[in-house]
Amino acid sequence: STSSTKGSQTYAGGVGIAKNLFVGGVFGGKKNVLASSGNTTITEAMSGATFLVDAVAVAFALPAITSANIGMSFDFVTTVASTSSQSITAQAGDLMTGGINLIDDTAAYTAPQNVIKKPATTFLICDMNGTTTGGKIGTRLRFTAISATAWFVEGVAFGSGVLATPFS
């Protein structure tokens, strides 16, 4: 098949698959890319989407993790220059783990910094400021629910100055 309306079998209402699915050809789905439109409360149904961090000051609230939605993931890509808060917050009890590569992308320092910043096991917030805690244009972070109480954070954040952790 080359579309959702052609092929030997088509389904208008979706398909539930209890076991593994093997695809022998090209998988033709594409991700949703969603503008932030200011502060955004993310839902489980948005899993797999890429969110544009495209406002000067913006806050994203991740959905609560349950045993039924482990595996959901969300990408965040910064597309606007900002020195205001760009935050991604987990729900109470859903803590962050993993780590990001934070890179100083300015020529102001003779030895550009490239440091790994990882959240402590008690952190709920990733708050970038467009400078020392990252969030400059080109920043890309992924949050994946890996248990009923943990988000795995990975990606690259660009910042400037003496780099500091964006996690709290």
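Here is a check on your reading of the model: is Ala157 small (Gly, Ala, Ser), under 12 Å from the mean Cα position of the chain (by Cα) and modelled with pLDDT of 90 or more?
When the stated conditions are applied, Ala157 passes them.
Quick one: how many residues across the stretch 44-77 are hydroxyl-bearing (Ser, Thr, Tyr), under 13 Å from the mean Cα position of the chain (by Cα) and over 22 Å from Val156 (Cβ atoms)?
0
Kindly establish whether Ala55 is of a type in the set (A, V, I, L, M), open to solvent by 70 Å² or more (accessible area, probe 1.4 Å) and either at pLDDT below 95 or over 15 Å from Ala145 (Cα atoms) (or both).
No: the conditions fail for Ala55.
Out of the stretch 15-36, which residues are closer than 30 Å to Gln86 by Cα, assigned to a loop (DSSP other than H, G, I, E, B) and at pLDDT 70 or above?
Lys30, Lys31, Asn32, Ser36
Can you tell me how many residues within the stretch 58-76 are surrounded by fewer than 17 Cβ atoms within 10 Å (Cβ to Cβ), among the aliphatic types (A, V, I, L, M) and touching a strand residue (DSSP E or B) at 6+ places or on another chain (Cβ under 9 Å)?
Looking only at that region, the number is 2.
Can you pull out the residues in the stretch 1-14 that are open to solvent by less than 100 Å² (accessible area, probe 1.4 Å) and at pLDDT 70 or above?
Across the stretch 1-14, the qualifying residues are Gly7, Thr10, Gly13, Gly14.
If you take the residues in the stretch 149-166 that are out of contact with any Gly (no Cβ under 9 Å at 6 or more places or on another chain) and loosely packed, with under 15 Cβ neighbours inside 10 Å, which one is farthest from Phe123 (Cα to Cα)?
Filtering first and then ranking leaves Gly161.
Kindly indicate whether Asp75 is out of contact with any helix residue (DSSP H, G or I) (no Cβ under 6 Å at 6 or more places or on another chain), touching a residue at least 12 places away in the same chain (Cβ under 8 Å), closer than 16 Å to Thr41 by Cα and not aliphatic (A, V, I, L, M).
yes
Among the residues of the stretch 93-137 satisfying the criterion of being crowded, with 20+ Cβ neighbours inside 10 Å and touching a Pro at 6+ places or on another chain (Cβ under 6 Å), which is modelled with the lowest pLDDT?
Asp104
Consider only pairs whose beta carbons are under 9 Å apart and that are at least six residues apart or on different chains; among these, list those whose first residue lies in the stretch 58-69 and is among the polar types (S, T, N, Q) and whose second residue is surrounded by fewer than 17 Cβ atoms within 10 Å (Cβ to Cβ) and assigned to a helix (DSSP H, G or I).
Thr66/Glu44; Asn69/Glu44
The values are calculated or read from the model by the stated rules, or taken from the named source; none is laboratory data. Here the structure is a predicted model, which is why all the values come from computation and not from measurement. Glycine gets a Cβ as well: all are built from the backbone with ideal geometry, and neighbour counts include every protein chain shown. The area values use the complete protein model at the heavy-atom level, side chains included, leaving out ligands, DNA and RNA. Shrake-Rupley method; radii C 1.70, N 1.55, O 1.52, S 1.80 Å.
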